[in-house]
Amino acid sequence: MMLHSRTADIREASRIAAHESAHCVARFACGLSIDYVSIIGRLEGYRTINGRVTGGIADDSERGDFTKIIVLVAGSIGEQLYLGESRGLRGSDRRKATSCAAYLAENSNARSLIIRAAEIEAEAILRKYEAPFRTLVKSLLARSVMTGSDVVALIERTRS
């Protein structure tokens, strides 16, 4: 299998594909748009971003929205479900989830509980859409980039 990204290690490519696929499935289940998904690494400022899912501008704001938190935490949950391991909620996903939770609760303990509830909901979504999730991971490993319409068609075609 040839990878189209800078990721040389298939395990790392699988982690990134599972992470981004989980974001896509959560967006789909929550009724948010999907414009594009990629597992191709790119340099952004001083850091490398390994993958990306984009949707409508209104969908991607950092306002206090529990649905947005579910989508953000889904990536690390997807890694856990697909690989049996996860790096946990990190980087921009963690920053954005914490920012969204701050709109919903002032207390840091309450924010932590909101994020944990979102993790539970994201896992339920990914288990409900397990077949499309796994198929999407494999498709991203083969193609590296997919349009939102291709992702939605794949999910709708493979959900049970």
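The values are calculated or read from the model by the stated rules, or taken from the named source; none is laboratory data. Being a predicted model, the structure only gives us computed values, none of them experimental. Note that each Cβ is placed from the backbone with ideal geometry, even for glycine, and that neighbours are counted across all protein chains shown. Ligands, DNA and RNA are stripped out before the accessible areas are found, and what is left, the full protein with its side chains, is counted by its heavy atoms. Shrake-Rupley method; radii C 1.70, N 1.55, O 1.52, S 1.80 Å.
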Describe numerically, in nm with one decimal, the distance between label points set 7 Å from Cα along Cα→Cβ at SER108 and at ARG87.
2.4 nm
At a 1.4 Å probe, what is the % contribution of carbon and sulfur to the accessible area of segment 58-160?
47 percent
Treat segment 90-160 as a sphere of radius equal to its Kirkwood radius over Cα pairs and apply Stokes-Einstein at 20 °C in a medium of 1.002 mPa s; give the translational diffusion coefficient in µm²/s, rounded to a whole number.
151 µm²/s
Burial-style ranking of 150-156, 120-126, 87-93, 69-75, average other-beta-carbon count within 10 Å with highest first, yields 69-75, 120-126, 150-156, 87-93
Pulled fully out, how much extra length does the chain show between THR147 and ARG95, if you take 0.36 nm times their separation in residues and subtract their Cα-Cα distance?
16.1 nm
